[in-house]
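Novice: To start, I am sharing the structure in question, which I have written as structure tokens.
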Amino acid sequence: MSFNTVEQAIADIAAGKLIIVADDEDRENEGDLICAASLVTPELINFMATRARGMICVALTGYRVDPPGPPPGVPPAEHQPVRNVFVIGPDKKISVVLAYPMTTGRNFDEILRVIDSLQLTATHKVATPAQWQQGDDVIIAGSVSDEAAKEQYPDGWKSPKPYIRIVADPSK
């Protein structure tokens with residue numbers, strides 16, 4: 001297989017064609033489809049979605065990123081986007097997304113409670129129930145076998161149901 005020049009790729013994009021860009025000519029069966037967003041058609045989007053089966057990324061204009069404002073007569077509070085809080089774990093993955101409307105302030109006690117829970121569950125393989133606060137009882141994660149739980153919690157646990165194993169907060 002031969003590769004086109006950069007000049008030919010630019011000409012093809014300008015003509016509304018899809019091109020395949022590979023980062024290494026020795027790589028098999030992997031590349032990115034690229035086309036001009038201003039010339040994209042429903043057929044091209046359908047092809048990328050059904051045949052390439054990857055993410056479809058687009059560049060957004062300032063008009064799309066910063067819309068002109070609410071329609072006449074609509075109060076700003078009814079038109080504004082929500083405010084999000086993202087908690088990103090040490091594995092560099094999003095662990096939590098909390099969404100608040102523009103008119104509602106963020107609850108930092110809740111955000112700190114969630115971070116405490118994430119740290120506890122990552123360290124001790126437990127789950128925290130609703131309304132959990134530091135020092136409250138926790139649930140041994142379902143992924144932990146009874147044998148492993150007996151080693152980690154030699155004093156045992158309460159089991160109101162066969163699948164729920166409740167222990168004291170292991171960080172205390």
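Per-residue answers, yes or no, for (1) small (Gly, Ala, Ser); (2) at pLDDT 80 or above; (3) exposed (fewer than 10 other Cβ atoms within 10 Å of the Cβ); (4) touching a His at 6+ places or on another chain (Cβ under 6 Å):
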{"site": "GLU7", "(1), (2), (3), (4)": "no, yes, yes, no"}
{"site": "ALA14", "(1), (2), (3), (4)": "yes, yes, no, no"}
{"site": "ALA22", "(1), (2), (3), (4)": "yes, no, no, no"}
{"site": "ASN29", "(1), (2), (3), (4)": "no, no, yes, no"}
{"site": "ALA37", "(1), (2), (3), (4)": "yes, no, no, no"}
{"site": "GLU43", "(1), (2), (3), (4)": "no, yes, yes, no"}
{"site": "PHE47", "(1), (2), (3), (4)": "no, yes, no, no"}
{"site": "GLY54", "(1), (2), (3), (4)": "yes, no, no, no"}
{"site": "GLY62", "(1), (2), (3), (4)": "yes, no, yes, no"}
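Novice: Counting only residues that are touching a Lys or Arg at 6+ places or on another chain (Cβ under 7 Å) and assigned to a loop (DSSP other than H, G, I, E, B), which one in the stretch 144-170 is modelled with the highest pLDDT?
Specialist: TRP157
Novice: Additional query: Every residue in the stretch 90-118 that is within 20 Å of the chain's Cα centre (by Cα), part of a helix (DSSP H, G or I), loosely packed, with under 14 Cβ neighbours inside 10 Å and not hydrophobic (A, V, I, L, M, F, W, C), please.
Specialist: GLU110
Novice: Is there a residue being of a type outside the set (A, V, I, L, M), touching a Lys or Arg at 6+ places or on another chain (Cβ under 8 Å) and within 23 Å of LYS172 (Cβ to Cβ) anywhere in the stretch 118-133?
Specialist: Checked the stretch 118-133: at least one residue is of a type outside the set (A, V, I, L, M), touching a Lys or Arg at 6+ places or on another chain (Cβ under 8 Å) and within 23 Å of LYS172 (Cβ to Cβ).
The values are calculated or read from the model by the stated rules, or taken from the named source; none is laboratory data. Bear in mind that the values here come from a model prediction, so they are computed numbers and not experimental data. Quick reminder, even Gly has a Cβ in these numbers, built from the backbone with ideal geometry, and neighbours come from all protein chains shown.
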